[in-house]
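Taken together, the values in this text are just the output of simple stated rules run on the coordinates, not laboratory data. The structure presented is a predicted model; accordingly, all values stated were derived computationally and were not measured. Glycine gets a Cβ as well: all are built from the backbone with ideal geometry, and neighbour counts include every protein chain shown.
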Amino acid sequence: MKYLIIALNLIIFTISLDAQTMSEHDEKSKAILEKVSENYQKNKSIKFDFKLTILSEDLNETQNGMAILYGDKFYYNTNEREVISDGESVWTYLTEDNECYIDLVEDLENSINPKEIFTIWKTGFKFQYIDKKIKNDHTYHKIKMFPENPNESKYHTLVMEINETTATIDNATIKSKDGVTIKFYIKDLKANPTLDNNKFVWDSSKYPNVDEIDNR
């Protein structure tokens, strides 16, 4: 669901190939990403604020929101929607329309599942290490990913910037094959916050006169 192909990145990558083989790029990238995955999976839950920009031929919008992840369960909200999942079903409440769409997680291929951002690279991708930079005394690594089997993947390109100090994702850009780009910026991440388990269950009593559309 995201693309960020910048000429400067391509130039940097071309130059770096003189010093490193593709295999070295692949292993270096995997090692960095694995630290992020380990850091994420050691926590029972995480909470973070985010900024989400969605770009396509006829769409250019930015949303700010908050997300909570707990195992297979997740919750996030923006100014336009509230999304609740118990790990099996997903309730998407559209604020302006006062409608709630209910779907199975497995049926929502093009939806945003915030926990995927921390593990999306685990299978089916090859990697290119682009560069690193220093910002506010932190080292950031930029890694580009491509599907190993493009014809079987919904993704075109993924680019992530990793904070080496905290072993967390600073931002990610995902380009889908249907021309949609999502830029995802993670802010103020907290590990193992105090949680209300009811956060992951849809309670229609809290949403008066809501129109529920059950697609399960």
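Determine the gain in length on full extension of the stretch GLU116-LEU94; use 0.36 nm per residue of separation and subtract their C-alpha separation, reporting nm with one decimal.
Net length gain for the segment: 5.7 nm.
When only alpha-carbon atoms are used, what values of Rg and Dmax, in angstrom, describe the chain?
According to the Cα coordinates of the chain, Rg and Dmax are 18.3, 63 Å.
Run through the DSSP bridge list for region 7-214 and note the antiparallel percent, rounded to the nearest 5.
Antiparallel bridges: around 95 percent, rounded to the nearest 5.
Say a site is exposed when it is one of the GluC sites (Glu not before Pro), sits in a DSSP loop, and has at most 16 other Cβ atoms within 10 Å; what is then the longest site-free stretch of the chain?
Within the chain, the longest run free of exposed GluC sites (Glu not before Pro) spans 1-56.
Mind checking the full-extension length gain between ILE213 and ASN79? Use 0.36 nm per residue of separation minus the Cα-Cα distance, one decimal, nm.
46.2 nm
In nm, to one decimal, how far is the THR165 label point from the ASP196 one, both placed 7 Å along Cα→Cβ?
3.4 nm
Among LEU94, LEU52, rank each residue by its count of other Cβ atoms within 10 Å, from fewest to most, as a rough exposure measure.
LEU94, LEU52
Relative contact order for region 7-214 using alpha-carbon pairs under 8 Å, separation at least 6, rounded to a whole percent?
Worked out over region 7-214, it gives 24 percent.
Please sort 71-79, 167-175 by packing, taking for each peptide the average over its residues of neighbouring beta carbons within 10 angstrom, highest first.
The densest-packed peptide leads the list: 167-175, 71-79.
Expressed in nm to one decimal, what extension gain is obtained for the pair GLN63 and ASN149 from 0.36 nm per residue of sequence separation less their Cα-Cα distance?
Computed gain between GLN63 and ASN149 is 27.8 nm.
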